[in-house]
Every structure is written in C-alpha cells, then in structure tokens.
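The values are calculated or read from the model by the stated rules, or taken from the named source; none is laboratory data. In this text, all values refer to a predicted model and were calculated from it rather than measured experimentally. All Cβ positions, even for glycine, are placed from backbone atoms using ideal geometry, and neighbour counts span all protein chains on display.
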Amino acid sequence: MLDIELKKDQEILKMVTVVKQLDHTGIQLLTRDADTLLALKRELDRQKDSLINCSHNERMLA
C-alpha cells in the first residue's frame, strides 16, 4: 500500500510541474476536467455504497 501512495505522490509532483507551465486558461480547463473526474468518482462511490447496502439488507431479510 505504501508503494501506491509513493507513486501517487510522485504523479502529483509531476502534475504540479506541468500546471506551473500553463496559462490561466489552461489551468481553468484542467480544473474543470479535474472537477468532472471527481464528480464521476463520487457517483461511482455512491453507486458502490448503494449496492453494498442493498446486498446487506437482502442478507438481513433472508
């Protein structure tokens, strides 16, 4: 797990280097895209939680 976190931190540092080279418009576009990815992740997390809760409730009824 530590290896994954280390790789994540390295990728973040690479992203910061790239962002520093962008103009304001590029940063705005990148921010919009990041917001979209985060919204998609949150939606997938909600769906996953919903499935887990549904499965748990079905087991409780059985």
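May I ask you to verify whether Arg46 is assigned to a helix (DSSP H, G or I) and loosely packed, with under 10 Cβ neighbours inside 10 Å? When the stated conditions are applied, Arg46 does not pass them. Going by the conditions given, is Lys20 at pLDDT 95 or above, loosely packed, with under 10 Cβ neighbours inside 10 Å and charged (D, E, K, R)? Considered against the rule, which asks whether it is at pLDDT 95 or above, loosely packed, with under 10 Cβ neighbours inside 10 Å and charged (D, E, K, R), Lys20 comes out as yes.
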